[in-house]
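Below is one structure; the comments refer to it alone.
Quick note: the coordinates plus some simple rules give every number you see, no bench work behind them. Source: prediction; values computed, not measured. Cβ placement follows ideal geometry from the backbone for every residue including glycine, while neighbour counts extend to all protein chains displayed.
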Amino acid sequence: MDGSADGRSASSRAGDGPGTRFSEERSAEVVAASFAGADDRLKRVLSSLVHHLHGFVKDVELTEREWELAIDFLTRTGQRSDDRRQEFILLSDVLGVSMLVETINHRTGGRSTESTVLGPFHMVASPPRALGDTIALDGRGTPCLVEGRVTGADGRPVPGARLDVWQANADGFYDVQQPGVQPELNLRGLFTADADGRYWFRSIVPRYYPIPDDGPVGELLAATGRHPYRPAHLHFIVSAPGYRPVTTHVFVADSQYLDSDAVFGVKDSLIRDVPEVDDPDRAAAAGLPNPFRCLTFDPVLLPEPAAD
Ligand SMILES: [Fe+2]
């Protein structure tokens, strides 16, 4: 008996034989063949995963010590994750996988605003605010007018488009990172564009900030001489009935780390100058001190694909 459930010898089972046993040369093929019972998509995903994983192990000739370190790293990555912190997403981010998945799933063909990662700080619903309101509830930071117009790819305005915005403060922290320091819902707002697709609100210029680097992912960054910083940005989710929503950032052109975002989120099309405006009348009209900075961002949406 070979211990198999049906009592047959291993070599008598269909497909078995010396050519189908695990070997260094045939490892990936043999393991991939074990997924024959899966549905087509699962089979494709697992087969590709195994081929790439085995190729990687063979390429670097992984040592047993390195394998143990990898298991320990992944174990600690899981242990560090809970409902407030997701170390695995962070790992995906710093390996560029989050951005790759995002990019593959939201190809625009250059016709609409490019997307980028949602990020971990959209954890509370943004409060509805009126056009022109301020989202800087504590009034700290360099005053900034944020304005623009939402259009379709044909250039026509999208009346009533919704703009969900959130950003870090002048010290590089989101409100949820500083309870008791920042007011609740500081630097967040849900705006509705006017009949011409236009929107405007008051804020402050955000600052660059580090991703959480006191866990296993931080060890990875430190071991490879990488910094944990993201360049200054505002988050936007722009949506409207009949259009595909876009989750994106607008990056501040003079921010540090634009060329070395820890999560690879920067796209050239999303970088904007935020010039200083010295115009007392305009400042008074906007309700801002003079001078102020001004960020203009005109989101372009694609129509929802027609239903089959
Ligand atoms: Fe962010």
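Ignoring solvent entirely, what values of log10 I(q)/I(0) come out of the Debye formula for the stretch 35-159 at 0.14, 0.18 Å⁻¹ when each Cα is a single scatterer?
-1.02, -1.31
Rounded to the nearest Å, what's the spacing between the alpha carbon centres of the stretch 68-98 and the stretch 167-226? Just the number, please.
If we compute the Cα centre of each part, the gap is 21 Å.
Please report, largest first and rounded to whole Å, the three semi-axes of the ellipsoid equivalent to the stretch 141-269, where each semi-axis is the square root of five times an eigenvalue of the C-alpha gyration tensor.
Largest first, the stretch 141-269 gives 30, 18, 13 Å.
Which peptide among 140-151, 264-275 comes first, and what is the full order, when sorted by highest mean count of other Cβ atoms within 10 Å? All intermediate terms of the calculation are to be shown ahead of the outcome.
On the way: 140-151: 20.5, 264-275: 16.6.
Put in order of decreasing packing, that is 140-151, 264-275.
Step by step: find N for the chain, compute 2.2 N^0.38 Å, then divide the Cα radius of gyration by it. What's the final number? Walk me through the numbers on the way to the answer.
Values: Rg = 25.2 Å, N = 308, 2.2 N^0.38 = 19.4 Å.
Scaled against compact globular proteins, the figure is 1.30.
Can you find, among 245, 98, 176, the residue farthest towards the positive end of the dipole of the chain? Put +1 on the C-beta of Lys and Arg, -1 on that of Asp and Glu.
245
Based on DSSP, what percent of beta bridges with both residues in the chain are antiparallel, to the nearest 5? Intermediate values should be presented prior to the final figure.
On the way: 30 of 41 bridges.
So the antiparallel bridges amount to about 75 percent of the total.
If I fit a long axis through the Cα atoms of helix 64-79 and take the longest principal axis of the Cα atoms of the chain, what angle between them do I get, 0 to 90°, rounded to 10?
40 degrees
Can you give me the distance in nm between label points at residue 72 and residue 154, each placed 7 Å from the Cα along the Cα-to-Cβ direction?
In this crude label model, residue 72 to residue 154 measures out at 6.2 nm.
Which Cα, out of 124, 157, 51, lies furthest along the positive dipole direction of the stretch 33-162 (beta carbon charges, K/R +1, D/E -1)?
Positive-end residue among those listed: 157.
Per the helix-only calculation at 222 nm, which mean residue ellipticity applies to the chain, given -39500 (n - 2.57) for every DSSP H run of n ≥ 4 and division by its residues, nearest 500 deg cm²/dmol? List each step's numbers first, then the result.
Details: 7 runs with 76 residues, N = 308.
My calculation for the chain gives -7500 deg cm²/dmol from helical runs alone.
Mind ordering 215-227, 163-175 by average Cβ neighbours within 10 Å, highest first? Could the numbers behind the result be given before it?
On the way: 215-227: 14.9, 163-175: 21.4.
So the peptides 215-227, 163-175, ranked by packing, come out 163-175, 215-227.
Apply the Debye scattering formula to the stretch 193-275, with a single equal point scatterer on each alpha-carbon and no solvent, then give log10 I(q)/I(0) at q = 0.20 Å⁻¹.
Each listed q maps to, in turn, -0.98.
Under a point spin-label approximation (7 Å from Cα along Cα-to-Cβ), what is the residue 30-residue 123 distance to one decimal in nm?
4.6 nm
Counting Lys and Arg as +1 and Asp and Glu as -1, each charge on the Cβ, what is the dipole of the chain about the Cα centre in debye, to the nearest 20?
Working: 31 positive and 45 negative charges, 114 e Å.
With Lys and Arg at +1 and Asp and Glu at -1, about 540 debye.
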